[in-house]
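Each value in this text was obtained by applying a stated rule to the coordinates, not by laboratory testing. Quantities reported herein were computed from a predicted structural model and do not represent experimental measurements. Cβ coordinates were reconstructed from backbone atoms using ideal geometry, including for glycine residues, and neighbour counts include every protein chain displayed.
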Amino acid sequence: MLGLAALCISFLTLGQTGLASESDISQEQANIQVIQDYYAAYAEGDLEKIKSFFAPDIVWRIPGHHPLAGEKQGPDEVAAFFTQLDKGNFQADPIFFQSQGDYVVDIHRGWSNVEDGGAQVDQLFTLMFKIENGKIVEAQNFLSDQHQADDFFWRVYPLKPLPERLAQ
């Protein structure tokens, strides 16, 4: 999966077709600041502040085969995802940011210290964000170890037993 991170970074750095203008550079810096501010709000656990970074039509994609995987649409669905992440004491420590045009790529350490039946996750994640008008309109997660993430999320967020699920 680190290859995916390299691909995203290559997209941002090798796709340039000339020198960036000063306004392009300042917009790219502004886009990085949006994502850095989003991570600060995430670290504070302030869900309303986190939601303030989302465009009304935001789409957030989580890869994997686990209960939290899939495409989240709209600020409320994305916020519900973050509420669930908080239950697993999931943390993100940003390491790297790069921007080109409307896109920002970050690499961060994602981890949890939850002690629930051996559930552990500690790995590098890459996110590719699309920013429009200072808001996140799209986010795509890439993981360095999908199997570890799937195992963690299944242990922390198990489905109800089948009879209870069918009764709903």
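Between Ala119 and Gln33, what is the FRET efficiency for a Förster distance of 30 Å, r being their Cβ-Cβ separation, to the nearest 0.05?
Given R0 = 30 Å and the Cβ-Cβ separation, E is 0.30.
If you take all C-alpha pairs in region 60-153, what percent of them are over 21 Å apart?
Summing the P(r) of region 60-153 above 21 Å gives 31 percent of all pairs.
How do the peptides 67-73, 31-37 rank, highest first, by the average count of neighbouring beta carbon atoms within 10 Å per residue?
31-37, 67-73
Could you order the peptides 121-128, 75-82 from most to least packed, using the average number of other C-beta atoms within 10 Å per residue?
Answer by packing, highest mean first, reads 121-128, 75-82.
Work out how much length His147 to Phe82 would gain on full extension: take 0.36 nm times their residue separation and subtract the Cα-Cα distance, in nm to one decimal. Don't skip to the answer; put the middle values down first.
On the way: separation 65, 0.36 × 65 = 23.40 nm, distance 2.06 nm.
The span from His147 to Phe82 would gain 21.3 nm if fully extended.
Give the aspartates and glutamates whose C-alpha is closer than 20 Å to that of Lys87, dropping any in the same chain fewer than 8 places away, or say none.
Cα-Cα hits under 20 Å: Glu44, Asp46, Glu48, Glu71, Asp76, Glu77, Glu115, Asp116, Asp122, Asp150, Asp151.
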